[in-house]
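The values are calculated or read from the model by the stated rules, or taken from the named source; none is laboratory data. Keep in mind it's a predicted model, so treat the numbers as computed, not measured. Here the Cβ positions follow ideal geometry from the backbone for every residue, glycine too, while neighbour counts run over all protein chains shown. The area values use the complete protein model at the heavy-atom level, side chains included, leaving out ligands, DNA and RNA. Shrake-Rupley method; radii C 1.70, N 1.55, O 1.52, S 1.80 Å.
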Amino acid sequence: MPGFIATGNDADNTRDQVVGNIAFYPDIDVANFVELYRIDTTISDERVVAALQGAVISTNHDLAEWCIAQKLEGVANIAEVEADQYDDISALVTHYLTAVYSKAKAELIEKYRDFDSTGSGHGRADELTTSMDDHRANALRAIRAITGSEWAGLI
């Protein structure tokens, strides 16, 4: 199970942490996820970290066969797999982070869409369901882009 490495000065601020990962994949910067995916401060830091942990485990599971094949070719980590580079970052690393972040965001939306159960909250829940589905589709596209699936752009 991924561990945690504190990177901030404030030990109580888990958004300044890194969710550890297996050696083949990059660790996950919680603050980067929070900023890029605009995670509301009403969601506790612990839930953000838990969603990222679950997303890492799920994404790694989805990529298990691909990862084994890469290791059998002698590749030590995803950044070493031959791929286009953008600003010195492998496209595969970018796809991996998209998959993890999108899965985590979908998880958080699912947990919090029922937060407001008033009449206006029901309409908002419908909007969030669409957003949740979009994030899951983005994760699937990113995973398919990593594995080279011919269906990567057809979701």
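Some values worked out for this structure:
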{"item": "Hits in region 67-80 (condition: of a type in the set (D, E, K, R) and either buried (at least 17 other Cβ atoms within 10 Å of the Cβ) or under 16 Å from the mean Cα position of the chain (by Cα) (or both))", "result": "none"}
{"item": "Qualifying positions in region 81-91 - aliphatic (A, V, I, L, M) and either assigned to a loop (DSSP other than H, G, I, E, B) or crowded, with 21+ Cβ neighbours inside 10 Å (or both)", "result": "81, 83"}
{"item": "Any hit, region 113-122, residues being at pLDDT below 95 and open to solvent by less than 40 Å² (accessible area, probe 1.4 Å)", "result": "yes"}
{"item": "Residue selected from region 10-63 under the condition at pLDDT below 95, closer than 22 Å to residue 131 by Cβ and hydroxyl-bearing (Ser, Thr, Tyr), by the criterion least open to solvent (accessible area, probe 1.4 Å)", "result": "44"}
{"item": "Scan of region 93-112 for residues that are modelled with pLDDT of 85 or more and over 13 Å from the mean Cα position of the chain (by Cα), ordered by number", "result": "109, 110, 111"}
